[in-house]
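Comments concern the structure below.
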Amino acid sequence: MHGVKTTVIGSYPKIPDPPAPGRWRSSVEKLQRGEITREDLHRVEDEVTAEVLHEQADAGVDLLTDGQIRWDDGFTYFARGLNGFTINGLQRYFDTNVYYRQPVATAEVSWRGPITVADYQFAASHSTRPVKPVVTGPFTLAVLSKDEFYGTLDQFVMALAAALNKELRALAAAGAAVIQVDEPGLLTRRDQFPLFRRASEALWDGITATRALYTYFGHLDGLYPAILDLPVDVIGVDFVAGPRNWELLRKARFTKALGAGLLDARNTRLESPDEIAAQSRKAAEIAPAETLQVGPSAGLEFLPRRVARRKLEALVSGVRLANGGAA
């Protein structure tokens with residue numbers, strides 16, 4: 001077995017390990033008190049982004065993200081960047097202990113200009129390894145938002161797909177070779193898969209970059225194998241929160257590249273390289289090893305940074321073992 005690659009899903013811890021100063025958190029607090037400008041905060045975000053890119057590369061990860069240091073959460077970053085949204089009160093993010101400010105669609109949703117292109121360009125220019133931008137998908141953005149304008153989920157999702165297609169086109173034009181779209185919301189509304197399929201066609205229209213769709217926080221029951229018909233190249237699957245996926249994905253030939261979420265992003269328990277190697281070999285029975293990308297089950301932001309880093313080191317060591325090398 002050879003050719004398995006490592007990647008990350010999206011977020012990375014913003015807060016460093018003590019006694020290092022938590023520059024990002026203290027800067028956010030200073031901004032709220034009016035002691036620094038937004039430009040000052042952006043400079044700190046740049047510094048922390050460069051830092052986490054270095055940590056991911058240092059751990060040996062093949063395909064990185066910018067760690068989403070500039071994001072408040074997984075979706076309001078995009079809602080704030082699109083026309084038509086206001087931001088409301090706090091809501092729980094799926095079944096986690098994390099809260100987000102709920103976007104509210106109060107007018108027609110449209111794209112007014114690049115949201116993540118500058119972030120991608122900064123990360124790509126400060127990384128020794130390939131970087132993929134991550135975009136919150138239209139379906140997840142719709143189901144986590146409140147609609148006070150469209151009246152039907154169908155119209156809301158399709159409007160978001162058209163708007164975000166322009167973001168994907170801008171990212172591809174900026175040089176992104178791989179673009180990841182996150183759609184954990186699909187697993188909460190499986191009955192809406194026909195709408196999801198239509199939205200995917202609109203979202204990825206004209207995109208020549210490698211198209212990666214990531215689901216997490218659950219299993220693909222009721223969606224597999226239909227999900228293989230989507231216009232994407234990579235499908236990310238959470239095998240930690242969705243252990244039934246191991247059995248499910250054997251029921252039909254997996255015809256895409258597999259993003260296998262094997263590291264538990266929501267638990268501080270450190271996996272061993274042997275454990276990762278065994279699961280990587282198991283995943284290679286589902287999808288060819290040369291198409292396999294192994295990573296965490298979800299974003300790593302809510303782990304202590306030292307734990308996230310050690311998990312990535314174990315991930316890389318485990319994949320090396322699976323590929324036939326030394327850990």
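The values are calculated or read from the model by the stated rules, or taken from the named source; none is laboratory data. Being a predicted model, the structure only gives us computed values, none of them experimental. Neighbour counts run over all protein chains shown; Cβ positions are idealised from the backbone, glycine included. Surface areas here come from the heavy atoms of the whole protein model, side chains and all, with no ligands, DNA or RNA. Shrake-Rupley method; radii C 1.70, N 1.55, O 1.52, S 1.80 Å.
A few comments on the model shown:
- Rounded, prolate or oblate (a/c below 1.5 giving rounded, otherwise prolate when a/b exceeds b/c) for the chain by Cα gyration tensor: oblate
- The GNM of the chain, with springs linking C-alpha atoms under 10 angstrom apart, assigns the highest mean-square fluctuation among H219, H42, H54 to H42.
- Beta bridges by DSSP in segment 1-142, antiparallel share as percent, to the nearest 5: 75 percent
- For segment 273-287, 3J(HN,Hα) computed residue by residue from phi via the Karplus equation (6.51, -1.76, 1.60; θ = phi - 60°) reads x, 4, 5, 5, 4, 4, 6, 5, 5, 5, 5, 6, 7, 8, 10 Hz, glycine and proline entered as x.
- Among D40, D238, D221, residue whose mean-square fluctuation peaks in a GNM of the chain (springs only between Cα atoms under 10 Å): D40
- Here the chain carries DSSP beta bridges of which approximately 25% are antiparallel, counting only pairs with both residues inside.
- Accessible surface for K146 stands near 90 Å², nearest 10, in the context of the full protein assembly shown (1.4 Å probe).
- Hits among lysines - C-alpha to C-alpha of K282 under 21 Å, sequence gap 8 or more where chains match: K5, K251, K256, K311
- Separation between Cα centres of segment 239-254 and segment 115-187, rounded to whole Å: 26 Å
- Cα gyration tensor, segment 58-188 - rounded (a/c under 1.5), prolate or oblate: prolate
- Relative contact order %, the chain, counting alpha carbon pairs below 8 Å whose residues are six or more apart: 21 percent
- Between the listed residues A226, L195, Q32, the Cα displaced farthest toward the positive end of the dipole of the chain, a dipole computed from Cβ unit charges relative to the Cα centre, is found at A226.
- Share of carbon and sulfur in the accessible heavy-atom surface of the chain [1.4 Å probe, %]: 48 percent
- Against the criterion of solvent-accessible heavy-atom surface with a 1.4 angstrom probe, I15, I69 sort, most first, into I15, I69.
- Prolate/oblate/rounded label for segment 119-183 (Cα gyration tensor, a/c 1.5): prolate
- Looking at the chain, the accessible area is 42 square angstrom per residue; that uses a 1.4 Å probe and ignores ligands, DNA and RNA.
- Stretching R129 away from Q32 to a fully extended chain increases their span by 31.5 nm, per 0.36 nm per residue minus the current alpha-carbon distance.
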